[in-house]
Amino acid sequence: MITNKVKKVVKKEKTVNYRDISVPEEGGIKFTKFTEEYENVMGPSIASYEGVISWYTPSLIAISPDGDQVAYTAKKDNKTNIYIKNTKGGRSTIQRTFRDQVLDMSFSGDGKYIIFTEKVNEDYDILQINSTQGAAIQQISATSYRESSPIYSPSGDYIFYTQGEYSSATQSYNYYLWSIERKSYLKTQYSAGFNPAISPKDKNLVIVCRNNKESGRGEIYSINLDSGQETLILSRPEMGFSSPSIHPNGKIIAVVGTTLGTTKRKENLDIYTINTDGTDLTQLTFHPGHDVSPVWGPDGKEIYFSCQRGNENGSWDIWKMDYKRN
């Protein structure tokens, strides 16, 4: 499992009020809800052990290129599959993947396909399905490694993904950025990293997340596939970051980050933005529930995300928030 870790500062457990739709710090932001609790939307696995919080970082939702559909994972009859709902409202429909545990997904640039990760026991593989017809499944990867968080290149010619390789020396997984050429199925390994995001303005610029080797905190890097140049974009003491999503203008990244605990609230996951040059880190959400999986709408004026807010018990739902850059 891909996880991101960061040390806790506040150890005392605090009660979380999930009922609020927003909190005062989020004033001026319009939030729109797309799902209901009975739809059993799945959130990431989040755990805390010996003062360390960890979570599954690949995006659990996807937006179609035209912005008309939101895809997400939900559980029914003990099976987790892909569901699709119109962003203008209405009932959700299940994609007939006939799988037991779908973890994450992404739309192709033309909207015709959805690529997703399936977990079977401890094996993670990548598959592809038609976004409207379903049923016919194409296996993209089937190895002994953990492959996940797949995305299409802007041209659609390549699939980028994360490959996790177990290290017996450290008894943990190392994660690397790979691609598959869709016609030839030629595979290429680039560098360390997970949760790839490709710039819509520069096909050679990929944003990835890496865990700091000493602290375990997630950091955000950019990689130029042509030159091989790697640049650290985002790293903060006592905070971890993951799940980058690049704005349509190619200049802003939305990420998940840890908000440190205080005397009034416990540490949780929130959504932040930062420029691709590493400037202007801005916290967007402040709700005490977790906010994860940010994905930009096609016009860059809204961010879709999965969160625990607006209900009694912290169930996960899909929401949208308006985005206005200052």
Item to check | In the range 109-132, the residues that are free of Cβ contacts under 8 Å to residues at least 40 places away in the same chain, part of a loop (DSSP other than H, G, I, E, B) and closer than 15 Å to N81 by Cβ | outcome: none
Next on the checklist: Give me the residue from the range 144-157 that is within 22 Å of E122 (Cβ to Cβ) and either hydroxyl-bearing (S, T, Y) or in contact (Cβ under 8 Å) with a residue 60 or more places away in the chain (or both) and, out of that set, surrounded by the fewest Cβ atoms within 10 Å (Cβ to Cβ).
Outcome noted: S144
Checklist outcome for this item: Pairing a residue in the range 158-179 that is among the hydroxyl-bearing types (S, T, Y) with any residue that is surrounded by fewer than 17 Cβ atoms within 10 Å (Cβ to Cβ) and modelled with pLDDT under 85, where Cβ atoms lie under 6 Å and the two sit 6 or more apart in sequence or on different chains, gives none
Item to check | In the range 241-257, the residues that are in contact (Cβ under 8 Å) with a residue 60 or more places away in the chain and either outside any strand (DSSP E or B) or buried (at least 21 other Cβ atoms within 10 Å of the Cβ) (or both) | outcome: F241, S242, S243, S245, V256
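Taking the criterion of being of a type in the set (D, E), part of a strand (DSSP E or B) and under 22 Å from P196 (Cβ atoms), would at least one residue in the range 298-313 satisfy it?
no
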Next on the checklist: Just checking, does the range 279-286 include any residue being among the acidic types (D, E), free of Cβ contacts under 8 Å to residues at least 12 places away in the same chain and in a loop (DSSP other than H, G, I, E, B)?
Outcome noted: yes
Item to check | Count - residues of the range 180-201 that are among the aromatic types (F, W, Y) and either touching a residue at least 12 places away in the same chain (Cβ under 8 Å) or surrounded by 21 or more Cβ atoms within 10 Å (Cβ to Cβ) (or both) | outcome: 2
Checklist entry - What residue, among those in the range 217-240 that are at pLDDT below 95 and either surrounded by 17 or more Cβ atoms within 10 Å (Cβ to Cβ) or under 14 Å from F194 (Cα atoms) (or both), is farthest from the chain's Cα centre (by Cα)? => result L225
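Can you tell me which residue within the range 54-107, out of those that are of a type in the set (F, W, Y) and either assigned to a strand (DSSP E or B) or at pLDDT 90 or above (or both), is nearest to P248 (Cα to Cα)?
In this case the residue turns out to be F107.
The values are calculated or read from the model by the stated rules, or taken from the named source; none is laboratory data. Model, not experiment: these values are computed from the prediction. Backbone-built Cβ (ideal geometry, glycine too); neighbour counts: all protein chains shown.
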